[in-house]
Amino acid sequence: MDKQFNIVEELLQMTLLGTEWVLWLLIILSVVSIAIAVERFWFFMRQGRLRQEVIEDFYARVRNRDYTGASELVSNYPNSLEAKVALEGLNHRDGGLGSIQESTTAYLLRQRKVLDRGLVVLATLGNNAPFIGLFGTVLGIIKAFHDLGTNPAGGATVVMAGISEALVATAIGLLVAIPAVIAFNYFQRQIKVIATDAQAMVSTLVAGLGEGFSNPKGNK
């Protein structure tokens, strides 16, 4: 019984630390979230997308078996995933269409990890920051009632002041979570667009190479 009582007392002392440390934790998490969002925004801003005329030129060169020219064309866009996956496919064309499909699929899977970098943190903060804030609020309420118990003369004023301070933690938690969710959804949309364009480029390459494999004369 004494052991159980001691454990309760220890836990009570921990809760009486109040909400300040929770607020500092949320501020740190907010800084981390902003840093990741800025880095990812800059990363996606640098991801070049091929214009339609470039894609059509690439297709024409592949169809005419001008593989060197096709490679040089997409090499001018080093930040474009479409260009990178096109080069990957061209480098494996000697193995046939199956080799191209497998190599480009594997390449896109590897690149997906690069595109997703840091997003798990944003998703975690978006889902859990409100609960961290709520935890801080609960701690603040416990402390407010404990202060009332040790100072009954303060009355409702003591409790109201403590609760209002505690509710700040919930507000900060939401303030951290909402931008994280918005950023996560935005970056997920960007990844979907980039991945779709890259897969379309693979289909363009395969379509252009189709005639080359059926009529391999003149391959360069």
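Applying the criterion of at least 2 residues that are within 30 Å of Val32 (Cα to Cα) and open to solvent by 50 Å² or more (accessible area, probe 1.4 Å) to the helices (runs of 4 or more DSSP H) found wholly in segment 53-120 leaves 97-115.
Listed by first and then second residue, the pairs with beta-carbon distance under 8 Å, at least 6 apart or on different chains, first residue in segment 83-98 and more than 17 Å from Asp66 (Cα to Cα), second in a loop (DSSP other than H, G, I, E, B), are Lys84/Pro78. Say whether the condition of being modelled with pLDDT under 90, over 30 Å from Gly140 (Cα atoms) and not aliphatic (A, V, I, L, M) is met by at least one residue in segment 39-46. Looking through segment 39-46, at least one residue is modelled with pLDDT under 90, over 30 Å from Gly140 (Cα atoms) and not aliphatic (A, V, I, L, M).
The values are calculated or read from the model by the stated rules, or taken from the named source; none is laboratory data. For clarity, every value in this text was computed on a predicted model and none was experimentally measured. Reconstructed Cβ throughout: ideal geometry from the backbone, glycine too, with neighbour counts over all protein chains shown. Note: areas computed on protein heavy atoms with side chains; ligands, DNA, RNA excluded. Shrake-Rupley method; radii C 1.70, N 1.55, O 1.52, S 1.80 Å.
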